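S.K.: Please see the structure below; I have some questions.
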Amino acid sequence: MRKLPHTILVAMLGVMAAALIAPPLSHAAPKKTPAKGSAAGKGSSSDSGDIDFDQPAGSAAASGSTSGNAAGNAGNGAANPADIDMDSDQGSSSDLAADLAAVDNGSGGPVKAGEVKKTPVSWQDIVVVIRKPFLKLHRVELFPMVGVTMNDNIIRHYSEGGELNYWLTDVLAIGVEGQYYEHDFESTYDLVARQARRLPTVNQYNWSAALDFHYVPVYGKFAVFDHKLITWEAFFTAGIGAGQSQVVPRDPEFPGFTNLLIQPNIGVGMRFFLAKWLTINLGVRDYAFEDKFEPTDRSTTMNATASQAQANATGEFINNIMFQIGIAFWIPGSFEYTTFR
Amino acid sequence: MTMRTSQILAGLAGMLALATATPAHADDFLGNRTNGLSKDYAVRHRKLLVAHRLEFTPLFETTVNAAYQSIIGGGAKLEYHISDRLSIGVIGVGSTALNTALTNRILPTLASQSSQAAAYQSACPSGVNGPCTGVLPRAPSQTEFLDHLNTMPIHGAAYLSLTPWYGKLAAFSSAFVAFDFYFQAGVALAQLDSNCPQTPGAALGAANNVCWDTHPGTALMSGANSIPAVLDPNVDQPLNSGFRAGLYLGGGVHVFLNDFLALDLTVRDYAFEDNPSGADVNADLFVGPNKVLGDDNRFISHLFFGAGLSIMLPTTVQRTP
């Protein structure tokens, strides 16, 4: 009967010891071991930008170099001049000052001769920025989408299409897009015909394709009902492409004709990150082009054929503004950071 | 097995149990580690940029994809944020109207009012109180077309607003600003206006007697004689002016420039009974109520885009715990 409490007590002590030894849970994720001579160790210049804020003192000592490491110095209460100045703007420590003094005296030193800007590292030099939760660098974005015309009160086009983008950097991408269009007529089309006795001259769009560039200047996050955090970004798009429009004859007795359109486009959109491989994209795009419409004076004796009508077609500059939305798939489906958290 | 051995084994078992235990956290979809705080507020010490504040917003508003008349105007929004998510408000806008591209395209193809008047006087030699024996023009004149269109000098809404999303964004990695999305629903109010002159006794189709039909869609009894209705909607009153009430829906975003100023971008839909063309919609050849086909007015959306600068009062903000 007396053995059991002892056993439990020892087990509890073991648990406590393990809890003390084990790294905190929030830092339990596997980390890449810093290279020897890193900032956590000796503050080598090659990796001076890699400061592992989450690295526990013990592991930093283990992974860094063996001499003059941060953990050891912290324990001794002495500052390593190559490490971060915890006292903010208290000035540089002895070694750096000595080096700078040597330069000032013209006696050489580790710094090249000439004017030297004294920039000791301090906490105020560090900008705390959390990791972006989604990296796009060198990934391919496959974006099937649908769209609808926003600025035509006579004919409404619906599009089905897609984009294939390759991200050169995390903010810049190049890609291609293609769309197939369908249409229906707004109520105004019928009402104008019936009320004003005028048949609107309209063209339908058949297809379009473009080479696009995308730039992401804005990213952010928002909380939904104060609990769920969602990250998003806004992007600009500009491109150049081609498309085809087709005249919808006012009188079906006469044939229509098609136009090949040169279509530059600009747009703005938003991307919401749902998973490492999945985003929802939506945006507005303006496809601008010079289109040609059916001539108003068409009869059996004038502009009766498609070629005649096309030759006498009236041109007009068109802005086809479309709202587009879709789900984008990212390849590869995951990504890894090359820098420490 | 000695007692010491069993105690050591128990201690090791305890350590092993701790080392292999499933942590009290999980990975989110992006692989980031989460813990019990995931059920807590997403953001602590957050500035309550809207809660318990009065928002006054001078604004500009314009229709999106209007058919005949673009409505462009300015006004103000007054909104009180009961909490961080819920608010009530009113908006009022005074507007002017501009012809759309469609209207400007139709107009040059229509006849002048003077030629239209001559056609009426020829077809209806007895005037408005006599039968029209000739052929009436079927297309409206320029004046008739324009006089039937209505404008919206004043419109507004009273609404309830929900702000479910808030966040912050970085623009060009240098400007960090807070924003929120909101959605609104309420009652839309509008004053519509059209003016098609009718002057009894004036010549048919004269400038002051454009909508000269005094009995649209109905026969006129003159003694024992019945004068048939003039089945020409172009000379009927448009019946698309007056006060309207309907449904208001909106959605927008505040982009905070500082603690008390925000850029306010909104898409608003004022939906109510309207007949923007003022012409015959239900194909009964007159403008007015029809026992079978109903009115020519119909419940339609009036989509607006608005931009304004919100001033939040008081200018100081509180923070969450």
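Nothing in this text is a laboratory measurement; each read-out follows from the coordinates by a stated rule. Everything quoted here is computed from the prediction, not taken from an experiment. Using ideal geometry, Cβ is built from the backbone for each residue, glycine included, and neighbour counts are taken over all protein chains shown.
S.K.: State the answer as a single residue: which of B:V267, B:G242, B:P200 lies farthest towards the positive end of the charge dipole of region B:199-283, with beta carbon charges of +1 for Lys and Arg and -1 for Asp and Glu, about the Cα centre.
M.R.: B:P200
S.K.: For B:222-232, what's the mean count of beta carbons from other chains sitting within 10 Å of each residue's beta carbon?
M.R.: If you average over the peptide's residues, the count of other-chain Cβ atoms is 0.
S.K.: Turning to a different aspect of this structure: Separation between the A:V148 and A:L282 pseudo-spin-labels, each 7 Å from Cα along Cα→Cβ, expressed in nm?
M.R.: 1.1
S.K.: What's the exposure ranking of B:H254, A:H157, B:H45, going from fewest to most Cβ atoms within 10 Å? Walk me through the numbers on the way to the answer.
M.R.: Numbers: B:H254 25, A:H157 18, B:H45 8.
Placing the least packed residue first, the sequence is B:H45, A:H157, B:H254.
S.K.: Taking 27 Å as the cut-off for C-alpha to C-alpha distance, list the pairs among A:K276/B:K47; A:K276/B:K168; B:K77/B:K168 that go past it. Let's see the in-between values first.
M.R.: Working: A:K276/B:K47 30 Å; A:K276/B:K168 21 Å; B:K77/B:K168 24 Å.
Check vs 27 Å cut-off fails for A:K276/B:K47.
S.K.: Considering only A:N303, A:A313, A:I331, whose Cα is most displaced toward the positive end of the charge dipole of region A:140-331, charges sitting on Cβ of Lys, Arg (+1) and Asp, Glu (-1)?
M.R.: It is A:I331, whose Cα lies furthest towards the positive end.
S.K.: With each pseudo-label sitting 7 Å past Cα toward Cβ, what's the A:Y166-B:L48 distance in nm, one decimal?
M.R.: For the pair A:Y166/B:L48, the computed spacing is 5.2 nm.
S.K.: Check B:Q69: other-chain or 5+ apart residues with amide H under 5 Å from its amide H, H built from backbone geometry?
M.R.: Counting only residues 5 or more places away or on other chains, the set is B:T100.
S.K.: May I pose another question? Among B:M221, A:M270, rank each residue by its count of other Cβ atoms within 10 Å, from fewest to most, as a rough exposure measure. Mind dumping the intermediate values first?
M.R.: On the way: B:M221 10, A:M270 17.
Neighbour counts put them in this order, fewest first: B:M221, A:M270.
S.K.: Something else now. If you place +1 on the Cβ of every Lys and Arg, -1 on the Cβ of every Asp and Glu, and leave all else neutral, what size is the dipole of region A:140-331 about its Cα centre, to the nearest 20 Debye?
M.R.: 260
S.K.: Which FRET efficiency value, to the nearest 0.05, do you get for B:L162 and B:Q191 by plugging their Cβ-Cβ distance into 1/(1 + (r/R0)^6) with R0 = 25 Å?
M.R.: Rounded to the nearest 0.05, the efficiency is 0.35.
S.K.: Partner chain Cβ atoms within 10 Å, averaged over the residues of A:226-237 - can you pull that number for me?
M.R.: 3
S.K.: Subtracting the Cα-Cα distance from 0.36 nm times the residue separation, let me have the gained length for A:Y180 to A:V224 in nm, one decimal.
M.R.: Once the chain is fully extended between A:Y180 and A:V224, it gains 12.3 nm.
S.K.: Whole-Å semi-axes of region A:156-221's equivalent ellipsoid, largest first, each the root of 5 times a Cα gyration tensor eigenvalue?
M.R.: Equivalent-ellipsoid dimensions as semi-axes: 38, 15, 9 Å.
S.K.: Enumerate the calculated ³J(HN,Hα) couplings along region B:245-254 in order (Karplus 6.51 cos²θ - 1.76 cosθ + 1.60, θ = phi - 60°), each rounded to whole Hz, writing x wherever the residue is Gly or Pro.
M.R.: Values per residue, Gly and Pro as x: 10, x, 9, 10, 9, x, x, x, 9, 9 Hz.
S.K.: Over 23 Å, how big is the tail of the calculated P(r) for region A:140-331, in percent of all Cα pairs?
M.R.: Of all Cα-Cα pairs in region A:140-331, 50 percent lie more than 23 Å apart.
S.K.: Give the Debye-formula value of log10 I(q)/I(0) at each listed q (0.06, 0.09 Å⁻¹), with one equal scatterer per alpha carbon of chain B, two decimals each.
M.R.: -0.40, -0.66
S.K.: Next up: Based on the Cβ-Cβ distance of A:F213 and B:F183, what FRET efficiency does E = 1/(1 + (r/R0)^6) give at R0 = 30 Å, to the nearest 0.05?
M.R.: Taking R0 as 30 Å, the efficiency between A:F213 and B:F183 is 0.35.
S.K.: Compute the convex hull volume of the Cα atoms of region B:174-308, divide it by the residue count, and report the result per residue in Å³ as a whole number.
M.R.: Cα convex hull per residue, to the nearest whole number: 158 Å³.
S.K.: About the Cα centre, and with charges only on the beta carbon of Lys, Arg (+1) and Asp, Glu (-1), how big is the dipole of chain B? Nearest 20 debye, please. Walk me through the numbers before you get to the answer.
M.R.: Numbers: 17 positive and 23 negative charges, 320 e Å.
With Lys and Arg at +1 and Asp and Glu at -1, about 1540 debye.
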